[in-house]
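Engineer: Just dropping this structure here.
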Amino acid sequence: MTDEQDSKPEHPTPMRRPGERLPAKPEGGKTPGVMADVAALAGGLKTTLSEFFRPPVTLEYPEDKSPRSERYRGRHYLRRYDNGLERCIGCELCAAACPVGCILVIAAENTDEKRVSPGERYAKTYEINMLRCIFCGYCEDACPVQAIVLGPEYELSDTSREKFIYTKEKLLEPLPPDVEARLASKPASAPHPNPLPEGERGKTLS
Amino acid sequence: MNQIYNDPIGHWIIVTIAITALLFTVLTATAYTVWFERVALGRIQRRPGPNRVGPFGLLQLAADGVKLAFKESFVPAATDKTLFVIAPTIAVAAAFLAWAVIPIGLWYNVQYWIADINIGVLLVFAFSSLNVYAIVIGGYASNNKYSLLGGLRSAAQLISYEMSLGLALVPTFMIVGSLRLRDIVEYTVHWGWYNGPIPLILLTPIGFVIYLISAVAETNRAPFDLPEAEQELIGGFLTEYSGLKFVMYYLAEYVNMITVSALAALLFFGGWYLWFVPPVLAFFIKVVLFLFLYIWLRGTFPRLRYDMLMRLGWKVLLPLAIANVIVTGIILVTTLG
């Protein structure tokens, strides 16, 4: 501890008291000559010229896009079962999980005449305010039937605020096929494979 | 041809046509200099530069021009409106006037100029000095501290470098014995078997180096762009300017850049003479190479601190230029008797 306090800092503080002189330059230190300066300038010019002849490293955005992760969280989709029924059962867990409260779900009862989802209820209204959404993906985690997922699209700009309220019709648009295929490989009844070994399960998760 | 030229009305017709053609050429050249700069700077920074409007982005400047022309002509409150409007006009007028005396070699023994006067180079410098007024008046009239600081910096910088710029060329005039740009280009030597024009850089290499550095400072280009200094002064004297008035300053800067490049080609690299290359192409190649040099410098060096700029101007370039004049004088007197 004392050693550290005694040793001088590597960079002395630039603040000087009035009248205090500049610290003396270290002995034997040679000031670089004009030729060294010119060589340094030439070195800089050489660097920029060599970069000039190398290909650009940028992507030309609207044509070339940088690859997204498989798990990229873009715009939302509401999924359907293969028989055409909606997955959403109107449980509002997504709305409860949403940190910014951008999801509005109004549920209605399924009847035998009008069956929209396989469960008791379905979402009569399902709206997401995309201007509020922070794309955290908590709604996807909360959903017990994997009805809502975040797709790969990220170019969501539009021309009016109203267009950012995504209604159920818009959210029910079919997912890109590759994303749908990836999600279908996971069974809906087991959303998260339990990471713990067989004997340990009850202890931590109950 | 001579008969028409000596006739007063015919003379004016020819001069008017010449001015129109030159104005068109310089404006087009300016537009493509901006494009060239943006692409070259982009390549230095490993990006493509403008490439959206037209093939290779060649129409980018048209798009920018239209955009700027339709912008509101904004004049800040509590400013001297007359001076505020006049300042950019001075800049653009001074920049174009310098081209009145710059000759362009079109073909063998065919040259193009508006005025072939015997104080050509002096006139170019006279007009380029007018640029100080444009910047100082613009900075003062903006009623903005950043603009004023930019204007003051510019005044000090241009005055400091004007002297070394002028003195750098004195050895050339001493050797050639004329200020007429055409005479300087046509300067021929008789060295043994060789009998013809030579690039004067062989005789005045130090003058060329001083000219090159001073010319960058004189045109307010990086690394001597202290009047603008985006990071410290927002935009210096340009801060309050927008729309067409901004275009005028912008235009003036690039015209000045082409002017000093053309002058460097004419004074030091034999103008339109280049081995077997056709004259107009030779002149074009030389000017483009100098323009590239300016862009290259801008892409490489950080801006100088103000005291460094002044030290370089007064303590290095000016004494060097004076010594160059004296040494050239001594050599000329001793060799020519």
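Engineer: Does the stretch A:71-81 include one or more residues that are over 20 Å from the mean Cα position of the chain (by Cα), free of Cβ contacts under 8 Å to residues at least 40 places away in the same chain, away from every other protein chain (no Cβ under 14 Å) and part of a loop (DSSP other than H, G, I, E, B)? If you could, list the steps in order and put the result at the bottom.
Structural biologist: To start, the set of residues in the stretch A:71-81 that are over 20 Å from the mean Cα position of the chain (by Cα) comprises A:79-81.
With free of Cβ contacts under 8 Å to residues at least 40 places away in the same chain added as a condition, the list becomes A:81.
With the extra rule that they be away from every other protein chain (no Cβ under 14 Å), the set shrinks to A:81.
Narrowing further to those that are part of a loop (DSSP other than H, G, I, E, B): A:81.
Yes, the stretch A:71-81 has at least one match.
Engineer: Please go through the stretch A:32-59 and pick out each residue that is surrounded by 11 or more Cβ atoms within 10 Å (Cβ to Cβ), farther than 12 Å from residue B:296 by Cβ and at the interface with chain B (Cβ under 7 Å from one of its Cβ atoms).
Structural biologist: Answer for the stretch A:32-59, where residues must be surrounded by 11 or more Cβ atoms within 10 Å (Cβ to Cβ), farther than 12 Å from residue B:296 by Cβ and at the interface with chain B (Cβ under 7 Å from one of its Cβ atoms): A:56, A:58.
Engineer: Next up: Got at least one residue in the stretch B:235-248 being in contact with a Phe, Trp or Tyr (Cβ under 8 Å, 6 or more places away or on another chain), surrounded by fewer than 22 Cβ atoms within 10 Å (Cβ to Cβ) and part of a helix (DSSP H, G or I)?
Structural biologist: yes
Engineer: Scan the stretch B:177-215 residue by residue and report those that are under 17 Å from residue B:336 (Cβ atoms), of a type in the set (Val, Ile, Thr) and buried (at least 19 other Cβ atoms within 10 Å of the Cβ).
Structural biologist: The one that is under 17 Å from residue B:336 (Cβ atoms), of a type in the set (Val, Ile, Thr) and buried (at least 19 other Cβ atoms within 10 Å of the Cβ): B:204.
Engineer: Quick one: would you say residue B:18 is out of contact with any helix residue (DSSP H, G or I) (no Cβ under 8 Å at 6 or more places or on another chain), surrounded by 15 or more Cβ atoms within 10 Å (Cβ to Cβ) and at pLDDT below 90?
Structural biologist: Here the answer is yes, as residue B:18 does meet what is asked.
Engineer: Filter the stretch B:39-64 for residues that are within 30 Å of residue B:133 (Cα to Cα) and either among the acidic types (Asp, Glu) or surrounded by 15 or more Cβ atoms within 10 Å (Cβ to Cβ) (or both) and give the result.
Structural biologist: Those that are within 30 Å of residue B:133 (Cα to Cα) and either among the acidic types (Asp, Glu) or surrounded by 15 or more Cβ atoms within 10 Å (Cβ to Cβ) (or both): B:41, B:61, B:64.
Engineer: Any idea which residue in the stretch A:113-171 is surrounded by the most Cβ atoms within 10 Å (Cβ to Cβ), counting only those that are part of a loop (DSSP other than H, G, I, E, B) and of a type in the set (S, T, N, Q)?
Structural biologist: A:117
Engineer: Taking the options B:19, B:9, name whichever one is more than 29 Å from residue A:46 (Cβ to Cβ), outside the structural domain of residue B:98 (by TED's automatic domain parsing) and more than 23 Å from the chain's Cα centre (by Cα).
Structural biologist: B:9
Engineer: Within the stretch B:312-320, does at least one residue satisfy the condition of being among the small types (Gly, Ala, Ser), assigned to a helix (DSSP H, G or I), touching a residue at least 60 places away in the same chain (Cβ under 8 Å) and farther than 20 Å from residue B:163 by Cα?
Structural biologist: Scanning the stretch B:312-320 turns up no residue that is among the small types (Gly, Ala, Ser), assigned to a helix (DSSP H, G or I), touching a residue at least 60 places away in the same chain (Cβ under 8 Å) and farther than 20 Å from residue B:163 by Cα.
Engineer: For the stretch B:265-285: of the residues being part of a helix (DSSP H, G or I) and either without any contact (Cβ under 8 Å) to a residue 24 or more places away in the chain or surrounded by fewer than 22 Cβ atoms within 10 Å (Cβ to Cβ) (or both), which is nearest to the other protein chains (Cβ to nearest Cβ)?
Structural biologist: My answer is B:285.
Engineer: Working only within the stretch B:290-310, note down all residues that are more than 13 Å from chain A (Cβ to nearest Cβ) and either under 15 Å from the mean Cα position of the chain (by Cα) or farther than 24 Å from residue B:268 by Cβ (or both).
Structural biologist: B:290, B:291, B:303, B:305, B:306, B:307, B:310
Engineer: Check every one of the helices (runs of 4 or more DSSP H) wholly within the stretch B:1-100 and list those with 1 or more residues that are within 14 Å of chain A (Cβ to nearest Cβ).
Structural biologist: On the way: elements: B:2-6, B:8-44, B:60-69, B:81-97.
Qualifying helices (runs of 4 or more DSSP H): B:8-44.
The values are calculated or read from the model by the stated rules, or taken from the named source; none is laboratory data. Not measured: the values here are computed from a predicted model. Cβ: placed from backbone, ideal geometry, glycine included. Neighbour counts: every protein chain shown.
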